[in-house]
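Novice: Below you'll find the structure I mean.
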Ligand code: PGA
């Protein structure tokens, strides 16, 4: 049975005080919940990874990075290596987010390099893929998704389904308030799962978590989770609010019963 993942992506939001007060607000509620089939994740900026990890160490929450360098180490000012993330005890990192692809020109090949560095260091990548509005309007969604999967996962060995998560994030739905409908997202998630079955094994495809991202919030999460191939959310804006984050965890817990 696949887990339901509620992964918050804080992007470049929250300063130190705001990080501390968010942790204070969610710590006790998290400790009072039973997380058999739900996995809560938060991805703060690099600056606060350790703080979040320390503050929430007694909870089920996993702390994730938002990106990683494609280099091992060396003269790469401003970059953070997979080895550094692993040395903090992190188990997850987002990779290939459309904002990194757009702002830093991360190609599928670069995303693949980053993903391999994470895996080499025992960190599970949350691989983001998704089409632009222009591509969707031209009917190219399926083709773009296949190209991203093939480019980012070329010759990447997956031993078990827990080696990777995939997040389908249509670019036109990110931060726009415009969510893909459950049906629109499901259509792409089904395609991704089929590609995984064709490329790897049926069992791996069945067990791998595929998240949806793009204006997920408490009011639309249940509808998305009711789709057979949607296993959670990668959530930006709504994850910045402790009450909304907890509410989405409650929705996931309810759905997991
Ligand atoms: P959003 O961001 O929920 O604010 O649309 C999602 C993401 O970019 O991961």
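Novice: Report yes if residue 58 is modelled with pLDDT under 95, in a loop (DSSP other than H, G, I, E, B) and surrounded by fewer than 20 Cβ atoms within 10 Å (Cβ to Cβ), otherwise no.
Specialist: Numbers: modelled with pLDDT under 95: yes; in a loop (DSSP other than H, G, I, E, B): yes; surrounded by fewer than 20 Cβ atoms within 10 Å (Cβ to Cβ): yes.
Judged against the criteria, residue 58 is a match.
Novice: With respect to residue 131, is the statement that it is in contact with a helix residue (DSSP H, G or I) (Cβ under 9 Å, 6 or more places away or on another chain), within 16 Å of the ligand (Cβ to nearest atom) and at negative phi true?
Specialist: yes
Novice: Restricting the search to region 164-178, which residues are surrounded by 15 or more Cβ atoms within 10 Å (Cβ to Cβ) and within 16 Å of the ligand (Cβ to nearest atom)? It would help to see each step written out before you state the result.
Specialist: Residues of region 164-178 that are surrounded by 15 or more Cβ atoms within 10 Å (Cβ to Cβ), as a first pass: 164-174.
Of everything in region 164-178, those that are surrounded by 15 or more Cβ atoms within 10 Å (Cβ to Cβ) and within 16 Å of the ligand (Cβ to nearest atom) turn out to be 165, 166, 167, 168, 169, 170, 171, 172, 173, 174.
Results for (1) surrounded by fewer than 20 Cβ atoms within 10 Å (Cβ to Cβ); (2) in contact with a strand residue (DSSP E or B) (Cβ under 8 Å, 6 or more places away or on another chain), shown as yes or no for each residue.
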site	(1), (2)
23	no, no
28	yes, no
45	yes, no
51	yes, no
54	yes, no
96	no, yes
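Novice: Testing residue 237 on (1) within 16 Å of residue 42 (Cβ to Cβ); (2) within 8 Å of the ligand (Cβ to nearest atom); (3) surrounded by 24 or more Cβ atoms within 10 Å (Cβ to Cβ), one condition comes back false. Which one is that?
Specialist: Among (1) within 16 Å of residue 42 (Cβ to Cβ); (2) within 8 Å of the ligand (Cβ to nearest atom); (3) surrounded by 24 or more Cβ atoms within 10 Å (Cβ to Cβ), residue 237 violates only (3).
Novice: Does any residue of region 179-200 turn out to be within 13 Å of the ligand (Cβ to nearest atom), under 13 Å from the mean Cα position of the chain (by Cα), within 30 Å of residue 25 (Cα to Cα) and not in a helix (DSSP H, G or I)?
Specialist: So far as region 179-200 goes, no, none of its residues is within 13 Å of the ligand (Cβ to nearest atom), under 13 Å from the mean Cα position of the chain (by Cα), within 30 Å of residue 25 (Cα to Cα) and not in a helix (DSSP H, G or I).
Novice: Being assigned to a helix (DSSP H, G or I) and out of contact with any helix residue (DSSP H, G or I) (no Cβ under 7 Å at 6 or more places or on another chain) is true for just one of 28, 109. Which residue is that? Even if it seems obvious, please write down each step before you answer.
Specialist: Values: 109 fails: out of contact with any helix residue (DSSP H, G or I) (no Cβ under 7 Å at 6 or more places or on another chain).
None of the others qualify; the one that does is 28.
Novice: Sticking with this one: Working carefully through the options 36, 67, find the one that is over 21 Å from residue 78 (Cα atoms) and in contact (Cβ under 8 Å) with a residue 24 or more places away in the chain.
Specialist: 36
Novice: Among the numbered conditions (1) within 20 Å of residue 164 (Cα to Cα); (2) in a helix (DSSP H, G or I); (3) in contact (Cβ under 8 Å) with a residue 60 or more places away in the chain, tell me where residue 246 comes up short.
Specialist: So the condition that residue 246 fails would be (1).
Novice: Could I ask something else about it? Are any residues in region 154-178 over 19 Å from residue 133 (Cβ atoms) and outside any helix (DSSP H, G or I), and if so, which ones?
Specialist: Step one: of region 154-178, the residues over 19 Å from residue 133 (Cβ atoms) are 154-166.
Passing the criteria: 154, 155, 156, 157, 158, 159, 160, 164, 165, 166.
The values are calculated or read from the model by the stated rules, or taken from the named source; none is laboratory data. Because the structure is predicted, anything quoted here is derived from the model rather than measured. Glycine also receives a Cβ, built like all others from the backbone with ideal geometry; neighbour counts cover every protein chain displayed.
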